[in-house]
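> Have a look at this one before I ask anything.
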Amino acid sequence: MTQRTLIIVKPDGMQRHLAGELISRFEKKGFKLAAAKFMQITEQLARKHYHIHEGKPFFEGVVKYISSSPSFVMVWEAEGVIEMSRKMMGATFGYEAQPGTIRGDYSCSRGYNLIHGSDSEQSAEYEIGLYFSPDEIVSYDFADSDWLYGKND
Ligand code: IDP
Ligand code: MG
């Protein structure tokens, strides 16, 4: 089943000129971009986005972090995209993320971590709905989709 996920290049990713690098990883993997928006996330939207973490010690900090400067917000599509993109992102902070992952390769901070990715189908649906209206999500086919997604059967 084709899935969609919400991926955000967070403010530190933009400020560190890494947006192209990070997007390129998903593009080369073969995920299909379905929507994209460059924006500064408001504090109000950040609170909705991270509502599941409300009450945790880092909640106010993460709200401030993600609304502090512009972000690049995207919807990517593929079969299994949620789990695959989480693996590509790596553990929450760069100092513990494996080399080869986005956070492992580009971050050693214990507070900033470059990227957000939905962690379940339920959170993906909720998060995509916060940032995009249905008519902003584009459906199309890749000309090489057999080579990208073919099962050789
Ligand atoms: P995830 O981004 O790997 O899914 P979550 O546990 O869902 O991690 O936390 C959401 C975000 O909140 C993290 O990406 C990070 O920016 C921030 N965060 C999580 N835990 C901490 C913490 O212990 N200290 C500071 N910020 C945190
Ligand atoms: Mg999370």
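> Explain nothing, just the number: dipole magnitude of the stretch 83-144 about its Cα centre with +1 on each Lys and Arg Cβ and -1 on each Asp and Glu Cβ, in debye rounded to the nearest 20.
Dipole size: approximately 500 debye.
> Right, something else. Grab the DSSP H runs of the chain that are 4 residues or longer, score each as -39,500 (n - 2.57), total them, divide by all residues and round the 222 nm result to the nearest 500 deg cm²/dmol.
Values: 8 runs with 61 residues, N = 153.
The helix contribution divided over the chain gives -10500 deg cm²/dmol.
> Can you work out the Karplus-derived ³J(HN,Hα) for every residue in the stretch 60-67? Use 6.51 cos²θ - 1.76 cosθ + 1.60 with θ = phi - 60°, whole Hz, and x for glycine or proline.
Ordered by residue, 3J(HN,Hα) equals 4, x, 6, 4, 5, 4, 6, 9 Hz.
> Can I ask one more? Compute the separation of the alpha-carbon centres of the stretch 1-78 and the stretch 132-153 and state it in Å as a whole number.
21
> Just need log10 I(q)/I(0) for the stretch 10-64 at q = 0.17, 0.29 Å⁻¹, Debye formula, equal scatterers on the alpha-carbon atoms, no solvent, rounded to two decimals.
Listed by q, the Debye log ratios stand at -0.74, -1.08.
> Semi-axes of the equivalent ellipsoid for the chain, please: Cα gyration tensor eigenvalues, times 5, square-rooted, ordered largest first, whole Å. Before the final figure, lay out the partial values.
On the way: eigenvalues 130, 67, 39 Å².
Square roots of five times the eigenvalues give 25, 18, 14 Å.
> Working out 0.36 nm times the residue gap between Val138 and Ser123, then minus their Cα-Cα distance, what length gain in nm do you get to one decimal? If you can, show how the numbers build up before the last one.
On the way: separation 15, 0.36 × 15 = 5.40 nm, distance 1.98 nm.
Gain on stretching Val138 to Ser123: 3.4 nm.
> Given charges of +1 on the Cβ of Lys and Arg and -1 on the Cβ of Asp and Glu, with all other atoms neutral, how large is the dipole of the chain about its Cα centre, in debye to the nearest 20? Let's see the in-between values first.
Values: 17 positive and 21 negative charges, 122 e Å.
Charge dipole, the chain, about its Cα centre: 580 debye, nearest 20.
> Oh, and also: Hey, could you get me the Stokes-Einstein D for the stretch 69-153, Kirkwood radius over alpha-carbon pairs, 37 °C and 0.692 mPa s, rounded to whole µm² s⁻¹? Numbers along the way, then the final one.
Values: Rh = 14.9 Å.
Roughly 220 µm²/s, to the nearest whole number.
> Could you compute the net charge surrounding Ser118? Neighbours are other residues with a C-beta less than 10 Å from the C-beta of Ser118; K and R count +1, D and E count -1. Walk me through the numbers before you get to the answer.
Working: positive: Arg4, Arg86; negative: Asp119, Glu121, Glu125, Glu127.
Within the 10 Å Cβ shell, the charges total -2.
> Sort Val62, Val9 so the one with the fewest other Cβ atoms within 10 Å of its own Cβ comes first. Don't skip to the answer; put the middle values down first.
Details: Val62 19, Val9 24.
Neighbour counts put them in this order, fewest first: Val62, Val9.
> Pop the C-beta distance of Thr42 and Met1 into the FRET formula with R0 = 25 Å and round what comes out to the nearest 0.05.
Details: r = 33 Å, r/R0 = 1.31.
Efficiency computed from Cβ-Cβ geometry: 0.15.
Every number here is computed from the coordinates shown, using simple stated rules; none is lab data. Worth saying up front: this structure is predicted, and the values here are computed from it rather than measured. With ideal geometry, Cβ positions are generated from the backbone for all residues, glycine too; neighbour counts draw on all protein chains shown.
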